[in-house]
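For reference, the structure is listed below as structure tokens.
Every number here is computed from the coordinates shown, using simple stated rules; none is lab data. Remember, it's a predicted structure, so these values are computed and weren't measured experimentally. Heads up, the Cβs are rebuilt from the backbone with ideal geometry, glycines too, and the neighbour counts pull from every protein chain shown.
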């Protein structure tokens, strides 16, 4: 009887947990040979993620709707790096340029690595999140320039219209 009850509780827990919205924390990985890991998150993904977090905090529906209105229309690009690349004694600044498929500049910002936050993956930090003002169909080009060494890194990200 105890075995049956234990099995029933286990199966019930698995079914309940599988219905809950879960975050996939494995999708942004920084490899040893590349200094950055980039992941595009569309507006729909950002909306669902924000709603889930706010509902977990029991925030009112009006506050949730206000927060959702503030999300960037084009989604975001999350930029991660290895924790070992960030040295608090030698702060580095990075210039980020995001260009659409036609080469038109969509975003140009500079961020210091001192603002990095812990990432879900061990040994990694989120350097920044790049808010995209509009969704651009096709391939986005992200240029990251280290302001100290002047080294330029270029990444291509595929997007799809919502």
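The figures follow:
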| quantity | calculated |
| --- | --- |
| Theoretical gain in end-to-end length, residue 48 to residue 109 [0.36 nm per residue, Cα-Cα removed] | 19.4 nm |
| Model label zone, residue 83; criterion: amide N under 19 Å from point 7 Å along Cα-to-beta-carbon; scope the stretch 118-153 | 118-128 |
| Spatial separation of Cα centroids for the stretch 35-73 and the stretch 74-119, in angstrom | 20 |
| For the stretch 32-150: rounded, prolate or oblate by the Cα gyration tensor [a/c cutoff 1.5] | oblate |
| Extension reserve of the residue 101-residue 68 stretch, reckoned as 0.36 nm per residue once the Cα distance is removed | 9.2 nm |
| Relative packing of 146-154, 114-122, 79-87, which averages over residues the other C-beta atoms within 10 Å, highest first | 79-87, 114-122, 146-154 |
| Theoretical gain in end-to-end length, residue 120 to residue 134 [0.36 nm per residue, Cα-Cα removed] | 2.4 nm |
